1. Within region 13-40, restricting attention to residues that are at pLDDT 90 or above and of a type in the set (S, T, N, Q), which residue is nearest to residue 68 (Cα to Cα)?
2. For residues that are at pLDDT below 80 and of a type in the set (Asp, Glu), scanning just region 60-106, find the one that is nearest to residue 147 (Cα to Cα).
3. I'd like to verify a number: residues in region 137-191 that are surrounded by fewer than 15 Cβ atoms within 10 Å (Cβ to Cβ), at pLDDT below 90 and of a type in the set (Ser, Thr, Tyr), how many?
4. Condition (residue is in contact with a Ser or Thr (Cβ under 7 Å, 6 or more places away or on another chain), assigned to a helix (DSSP H, G or I) and closer than 21 Å to residue 192 by Cβ) applied to region 143-160: is it met by at least one residue?
5. Against the condition assigned to a strand (DSSP E or B) and either farther than 20 Å from residue 288 by Cβ or over 27 Å from the mean Cα position of the chain (by Cα) (or both), how does residue 207 come out, does it pass?
6. Can you pull out the helices (runs of 4 or more DSSP H) entirely within region 2-112 that have at least 2 residues that are acidic (Asp, Glu) and under 26 Å from the mean Cα position of the chain (by Cα)?
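The values are calculated or read from the model by the stated rules, or taken from the named source; none is laboratory data. This one's a predicted model, so the numbers in the text were calculated from it and none came from an experiment. Neighbour counts are summed over all protein chains in view; Cβ atoms, including those assigned to glycine, are modelled from backbone coordinates with ideal geometry.
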Amino acid sequence: MVIYSIKDLEHLAGVKAHTIRIWEKRYSIVTPKRTETNIRYYLETDLQHILNVALLNNHGHKISHIAKMPKEEIAKRVAEISDFDDGLEDRVDCLTMSLMELNEFKFNRIIEANINQLGFERSMEEVIFPLLDKVGQLWMSGCIKPVHELFVSEIIKRKIIKAIDEIPINTDITVPSFLIFLPKNENSDLSLLYLHFMLKKDGLRVTNIGKGITKEMIIETCDIIDPDYLVLFANESFEGNKLELYLNDLCKNINNTSVLLTGYQTIEQKIKSSRKVKVLSSLEQILTYCSKQLVK
């Protein structure tokens, strides 16, 4: 059984703890349980109800009116909002509720509705990335469990892979080519897949060899396909390791291929750009740089 503190509810529902206490005392919106030492706590059903109440309240329903509604009526009205809503923040809230329930049907339905309305790229930028930011904050605050993060990640991976497969492959050999991958212990799966989608969408040639890739495998791949660029993420994978030595050895063995490098370890280890290595501060900068190569 998962239990939540009032601070957890504040983080998850976006409602101040003070407001939740008023809702409890004045409107009996929820009744907290108490430990033997009289510390209040809440169950998952309480969290779900607070999420629903907060969403209706944000849509103009007075709290005094919501308090008089049966829970079934509240759930019905929330479902109507979840099906289609103009507010991007509310879409993230609806996805958060589906996440907390591990309700794949509802989560998937909301994502698909956004993709159909906004297109895949805008849905990623305006809905999914804000959701992932929120998931990260909730994870850091201890409000959600590893299974919640995995649940979101796996669904979004499938969406990106589907979007990638729907884009035709550019076979024009005059177009710049990119080798993308994740080194061992690097866990930026969604960033890698989104990079793949954006490069392919822009008409660039891209080869994705997946995750857990060793330096030797990179060199072997470059020998076979001779890409113009390879993209290297350096976050968890180079923690405690000498990234500069890795880059020097790699660059000696990849002929004319240039390295586009990003990640926390570039800052931590003070890596600078060189003739073979271009250091970029974010995935967005990588995408901007790559798109410029097409028009040269």
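1. Checked region 13-40; the qualifying residue nearest to residue 68 (Cα to Cα) is 28.
2. Step by step, filter region 60-106, then rank; the result is 93.
3. 1
4. Keep residues of region 143-160 that are in contact with a Ser or Thr (Cβ under 7 Å, 6 or more places away or on another chain), which gives none.
No, region 143-160 contains no residue that is in contact with a Ser or Thr (Cβ under 7 Å, 6 or more places away or on another chain), assigned to a helix (DSSP H, G or I) and closer than 21 Å to residue 192 by Cβ.
5. Working: assigned to a strand (DSSP E or B): yes; either farther than 20 Å from residue 288 by Cβ or over 27 Å from the mean Cα position of the chain (by Cα) (or both): yes.
So residue 207 fits the description; yes.
6. Details: elements: 6-13, 17-27, 44-58, 63-68, 71-83, 88-101.
Hits in region 2-112: 6-13, 71-83, 88-101.
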